[in-house]
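Here the structure is laid out as structure tokens; the discussion comes afterwards.
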Amino acid sequence: MKFEDLLLEIGGFGRFQILILFILCLPRINLPMHFLLHNFLAATPSHHCAIPHQEAFVNLTVEEVLLISIPQESDGTFRSCEMFSQPQFQLLLNSSLQPENDSIIQPCQHGWVYDHSQFTSTISTQWDLVCEQRGLNQATATFFFIGVTMGAVIFGYLSDRFGRKAMLLLSLVCSVVFGMLSAASVSYSMLAVTRTLTGVALSGVSLIVLPLGMEWVDIQHRTLTGILTSIFWSVGNMLLAMVAYLVREWHWLLVAVTGPCLLSIVCLWWVPESARWLIANGKVKQAHRHLLRCARMNGRKDFAEDMPLIMYAQRIVLQWEYKKPGESYSYISLFRTPVLRKISLCSGAVWFGVAFSYYGMSMNLTGFGLNMYLSQFVFGIIEIPAKMIMYVLVNRVGRRQSQAWALILTGLCIGANVVIPKPFTSLRSVVAIMGKGFSEAAFTTVFLYTSELYPTVLRQNGMGYTSFVARLGGALAPLVFLLDEVWRSLPEVTYCGVAVCCGSVAFLLPETLNVHLPEGIEDIE
């Protein structure tokens, strides 16, 4: 018998599965609070050069001191990174006559003064990551996603080798440790290292939660499982906006978003190991124990009484003969056979496009004419109806079409905002919110779709590889903002082009709607 048939006997979606999914959704809430934390952790408030010897200007107002010390932009705002080498007192008579001689303008010499009305402190204000150091500020997000990229490879392999639950517990414990160390950072270098390690740890959570839940659920409820766990990501998105609004000091903000991992660690006690994984690795006794527990909780007592271990082993182990004793699989196995190779290359490209465009939009909260806290909250809310619509579409239209068009439409919305003039803030906001909805729809579908494309023996390796490629996209996304120095709209054009191209690649993948989860490589081939 197939494992899917066994699930139907013990209840493929009963009290047992609901309990597991609810517990697994707790760490899912915590993920966006770290993944999108850069928006608030590294926010750069308005600033200008610090002016030395201000006591010499006691007769002047603060505005007049700035006027004679800081050059102005064409729109009348003070420049953030430059100052006059000598006070320009003539500007007190006519401020519109800005000096044309650039030789009297120099970079900031005495540090910066920041506007603390919105943030008590951020890493930008703590270590002056502005002007020439602006790249280091954006690199903080890149370091985190490099950690997530490394973690995808590490935990993808380890969870196929040593089990889903053990690796999920390890990743949660490490997330707490490195998250708290980040909050205690005393230098930029320490923060960069600890945020990278936090990314490694959280990658395990991101990678394991969905497949662990999926492997306990029958075919009919697989889509619901994927959408449900994904909705809790959106809840985390909205919670991040509220937490960041209440906690304006970056050290305590890190503590606030890391603390909930402790609750997830405690609750993980009630989550069993994946029975699929246990059987695939010959641990039939443990699998039998978990399956009996599942049958009892779901009210299938006839199964619990009529299914002794030996009979169960005889019926089920025959289906797993492709997994020979001592045989192990690695990332190389994803590229050994032709169909699996095509799936791996195409799904990798789709994941890159999904993550690249998603984080490109999510880390540009101030570019759409809304308050950044409101933008974060609205971006979280819009994800929920997007996921509801995807729940219908992936079951009606199929995974492949839904995935491809969601990503292509994301790119077109980003591209539309390049041509819509800046004064049309309401229209730009609406298009951006639509784009964010499509982007989240693409992310929701890709998690579900990928977990159905790979066989059980390679599922975590497959998720690890695709997550690795996605995190490369996530790591590059914040750095693309620096291209605005070449051309103002170049970042948006880049996000648009990548999303449309990668979305088109999704048409090359096989459809998985109402198909049994593949168990071995020959099922794929």
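Pull out all pairs, ordered by first then second residue, where Cβ-Cβ is under 8 Å, the residues are six or more apart or on different chains, the first lies in the stretch 349-370 and is closer than 15 Å to PHE443 by Cβ and assigned by the TED database to the domain that holds VAL493, and the second is modelled with pLDDT under 85 and surrounded by fewer than 22 Cβ atoms within 10 Å (Cβ to Cβ).
MET363/PHE481
Quick one: which helices (runs of 4 or more DSSP H) sit completely within the stretch 177-259 and have at least 2 residues that are over 25 Å from MET361 (Cα atoms) and basic (Lys, Arg)? Steps first, please.
Values: elements: 188-214, 222-246, 250-258.
Per the criteria, no element qualifies.
Scan (1) open to solvent by 20 Å² or more (accessible area, probe 1.4 Å); (2) touching a residue at least 60 places away in the same chain (Cβ under 8 Å); (3) within 15 Å of LEU268 (Cβ to Cβ) for the single condition VAL205 breaks and write down its number.
(1)
Give me a count of the residues in the stretch 471-525 that are outside any helix (DSSP H, G or I) and not charged (D, E, K, R).
Here is the first cut: in the stretch 471-525, the ones outside any helix (DSSP H, G or I) are 486-489, 509-520, 525.
Filter once more, keeping what is not charged (D, E, K, R): 486-487, 489, 509-510, 512-518, 520.
Qualifying residue count, the stretch 471-525: 13.
Any residue that is under 17 Å from LEU240 (Cα atoms) and part of a loop (DSSP other than H, G, I, E, B) - is there at least one of those in the stretch 368-390? Write out each step before concluding.
Going through the stretch 368-390, the residues under 17 Å from LEU240 (Cα atoms) turn out to be 370-384.
Next, only the ones that are part of a loop (DSSP other than H, G, I, E, B) stay: 370-371.
Yes, some residue in the stretch 368-390 is under 17 Å from LEU240 (Cα atoms) and part of a loop (DSSP other than H, G, I, E, B).
Quick test of your reading of the structure: LEU508 fulfils all but one of (1) more than 28 Å from GLN376 (Cα to Cα); (2) modelled with pLDDT of 90 or more; (3) surrounded by 20 or more Cβ atoms within 10 Å (Cβ to Cβ); (4) of a type outside the set (S, T, N, Q). Name the failing condition by number.
All conditions are met except number (3).
Could you look through the stretch 120-133, keep only residues that are open to solvent by 70 Å² or more (accessible area, probe 1.4 Å) and farther than 15 Å from ALA192 by Cβ, and pick out the one that is modelled with the lowest pLDDT?
Pass one, the stretch 120-133, residues open to solvent by 70 Å² or more (accessible area, probe 1.4 Å): 120, 126, 132-133.
Next, from what is left, pick out any that are farther than 15 Å from ALA192 by Cβ: 120, 132.
On the way: THR120: 91, GLU132: 86.
Result: GLU132.
Filter the stretch 87-119 down to the residues that are of a type in the set (Phe, Trp, Tyr) and open to solvent by less than 60 Å² (accessible area, probe 1.4 Å), then identify the one that is nearest to HIS47 (Cα to Cα). Break it down stepwise before answering.
Just the residues of the stretch 87-119 that are of a type in the set (Phe, Trp, Tyr), to begin with: 89, 112, 114, 119.
Among the residues that remain, those that are also open to solvent by less than 60 Å² (accessible area, probe 1.4 Å) are: 112, 114, 119.
Numbers: TRP112: 6, TYR114: 4, PHE119: 12 Å.
The selected residue is TYR114.
Taking MET83 as meeting all but one of (1) touching a residue at least 24 places away in the same chain (Cβ under 8 Å); (2) touching a Leu at 6+ places or on another chain (Cβ under 8 Å); (3) not assigned by the TED database to the domain that holds TRP233, write down the number of the exception.
Failing condition for MET83: (2).
Being open to solvent by 10 Å² or more (accessible area, probe 1.4 Å) and out of contact with any helix residue (DSSP H, G or I) (no Cβ under 9 Å at 6 or more places or on another chain), is that true of even one residue in the stretch 34-50?
Yes - at least one qualifying residue is present in the stretch 34-50.
For the stretch 24-133, which fully contained strands (runs of 3 or more DSSP E) count at least 3 residues that are closer than 30 Å to VAL186 by Cβ? Give the steps one after another, and end with the answer.
Numbers: elements: 47-49, 82-84, 105-107, 112-114.
Strands (runs of 3 or more DSSP E) meeting the threshold: 47-49, 112-114.
Can you tell me which condition GLY380 does not meet? The list is (1) buried (at least 19 other Cβ atoms within 10 Å of the Cβ); (2) at pLDDT below 85, and all the others hold.
Answer for GLY380: the failing condition is (2).
Every residue, every condition in (1) more than 15 Å from the chain's Cα centre (by Cα); (2) under 15 Å from SER357 (Cα atoms); (3) open to solvent by less than 40 Å² (accessible area, probe 1.4 Å), yes or no:
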| site | (1), (2), (3) |
| --- | --- |
| LYS436 | no, yes, yes |
| SER439 | no, yes, yes |
| PRO455 | yes, no, yes |
| GLY473 | no, yes, yes |
| GLU492 | yes, yes, no |
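Being surrounded by fewer than 24 Cβ atoms within 10 Å (Cβ to Cβ), farther than 25 Å from ALA477 by Cα and either at pLDDT below 95 or of a type in the set (D, E, K, R) (or both) narrows it down to one residue among LEU136, LEU158, LEU181; which is it? Please lay out each step first, then the result.
Working: LEU136 fails: farther than 25 Å from ALA477 by Cα; LEU181 fails: either at pLDDT below 95 or of a type in the set (D, E, K, R) (or both).
The conditions single out LEU158.
Of SER124, SER74, SER117, SER171, which residue is of a type in the set (S, T, N, Q) and either in contact with an Asp or Glu (Cβ under 8 Å, 6 or more places away or on another chain) or more than 23 Å from LEU253 (Cα to Cα) (or both)?
Values: SER124 fails: either in contact with an Asp or Glu (Cβ under 8 Å, 6 or more places away or on another chain) or more than 23 Å from LEU253 (Cα to Cα) (or both); SER117 fails: either in contact with an Asp or Glu (Cβ under 8 Å, 6 or more places away or on another chain) or more than 23 Å from LEU253 (Cα to Cα) (or both); SER171 fails: either in contact with an Asp or Glu (Cβ under 8 Å, 6 or more places away or on another chain) or more than 23 Å from LEU253 (Cα to Cα) (or both).
The unique qualifying residue is SER74.
State which residue is most open to solvent (accessible area, probe 1.4 Å) when the search covers only the stretch 241-287 and only residues that are of a type in the set (Val, Ile, Thr) and without any contact (Cβ under 8 Å) to a residue 12 or more places away in the chain.
Step one: list which residues in the stretch 241-287 are of a type in the set (Val, Ile, Thr), which gives 243, 247, 255, 257-258, 265-266, 271, 279, 284.
Subsequent filtering for residues that are without any contact (Cβ under 8 Å) to a residue 12 or more places away in the chain retains 247, 266.
Numbers: VAL247: 38, VAL266: 94 Å².
Top of the filtered list is VAL266.
The values are calculated or read from the model by the stated rules, or taken from the named source; none is laboratory data. Since this is a predicted model, take the numbers as computed values, not measurements. Neighbour counts are summed over all protein chains in view; Cβ atoms, including those assigned to glycine, are modelled from backbone coordinates with ideal geometry. Calculation scope for accessible area: heavy atoms of the full protein, side chains included, ligands and nucleic acids excluded. Shrake-Rupley method; radii C 1.70, N 1.55, O 1.52, S 1.80 Å.
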